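Inspection log for the structure reproduced underneath, given as structure tokens.
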Amino acid sequence: MRRKPIELAAVATAAVPGLTPTAVSSAPDDPADFDSALLLDSEGKRWRVRSPRHAEASARLETEFLVLRAFAPGIRAELPFLMPTVAGSVRLGTLSTFVYSHLAGSTRSVEELTAGPDVLAREIGVALAAIHDLPRSLVSNADLPSYTPNEFRQRRLNELDQAATTGKIPPALLLRWEHALEDVSLWRFNPSVVHGDLHEDNLLVEGQRVTAVTGWTDLRIGDPADDFAWLVASNEQDFVDAVLDAYTASRRDTPDNHLLRRAALSAEFALAQYLVKGIASDDSGMISEAEDMLATLARDIEEYGGQPISVEPQPAAAAPAVGGTAAAVPAAGPEAVVRAADAGPSGPVPPVTVVPLPVPAPVQPAVHVTPIPVEPPAGAASEGAAVIGGAAKDNGGDRGPEDPGTKAEAAAGPDDTSTAAISIVDPTKN
């Protein structure tokens, strides 16, 4: 149930003793998660109220409270912008509503920011650099999440699997995102402190300056590209380049070369996360809106190619065969490209021409030797036959004198080179 600004003003009086609101108005915020309002009290001071709409949003506000407490005065003093301060909180049932001291400045739309002067782009770049250069101990001491590049990539892969089970993601987007997540060279970066929920509604601007940064509910150590996703989604490349130049000049560590590619992936994948969130909360409006945005994104990428989100080019999909099944198209090598270029206008040349290799003939011996028959003396032939017959009987045990093999061996003469013509002499009978 959505709370009206007047109801939030009543809640604020319970959270901050002595607060007497004299005026109230709605404030821009994430409508799916929070109800928000701006208050003016009897002393002319301004306050901001944030009330969660569900348990997960309440947990995020409680996390933000811990984050803001972790920012010691010394750390705050070094930042080029102001941060909110919690003035009080009140628990309504299972949800906690927080009241913050108001900060100068106002929010602007993405169109207003991108149409602004270059000075404003530099201000945003400097603010981003200051966040990413915060000491990592700030996050670890507050027991907030911390991810290595591989852990962060695996987390996104798990989220992709979860989104795919909905059956509502266009297949082309699933293949595009999976290819980028499996491109290991894309995920070589130095983790840093990340705001985690940075967008135009969490930047307060006054004139040409960024006066404050709000919405510290998702602070973590992770991929700095996540804080650039909302900028890349604006499709204003000149503005993004101006912000990146100021960011690079202000950071202590040099950003990696693929930061904007991962930012573009994060911007696209946010639609899938929005869909999963809508399904989890059983919000038909969110689900329908997410499906429309995903379908529009898929059509834009199919028509215009989309922003590059991976280092390695995505392999082309298999072409359908005449019968309706997918046929694998072999990749053409250098020779095939040359042949296609030489073919001229006479007609296309197949990418690869396969010529079956001839089956080799059986290898023949170099020389075929035929024994020359020699007529043996009658006595030698009979003696040899007797010896061979005895040997055959000893070795085989079942070949008698009438065996055909024995007869053939007996027919061989004394000059026969086969083993059958060798006489066995017992040296003990010398």
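A few comments on the model shown:
- Legend: calculated FRET efficiency, VAL90 to SER288, from the Cβ-Cβ distance at R0 = 25 Å, rounded to 0.05, equals 0.15.
- Subtracting the Cα-Cα distance of ASP161 and THR20 from their residue separation scaled by 0.36 nm leaves 45.8 nm.
- Cα-only Debye scattering, the range 220-263: base-10 log of I(q)/I(0) at q = 0.19 Å⁻¹: -0.56
- Inverting the pair-averaged 1/r between distinct Cα atoms of the range 171-314 gives 16.6 Å as its Kirkwood hydrodynamic radius.
- Inter-probe distance in nm under a simple model that places probes 7 Å from Cα toward Cβ, at HIS54 and ASP241: 4.1
- Rounded FRET efficiency, nearest 0.05, which uses the C-beta distance separating ALA280 from ASP300 and R0 of 22 Å: 0.25
- The range 1-129, relative contact order [Cα under 8 Å, separation at least 6], %: 22
Every read-out reported here was derived from the displayed coordinates using simple, explicitly stated rules and does not represent laboratory data. Bear in mind that the values here come from a model prediction, so they are computed numbers and not experimental data. Virtual Cβ from ideal backbone geometry, glycine too; neighbours counted across all protein chains shown.
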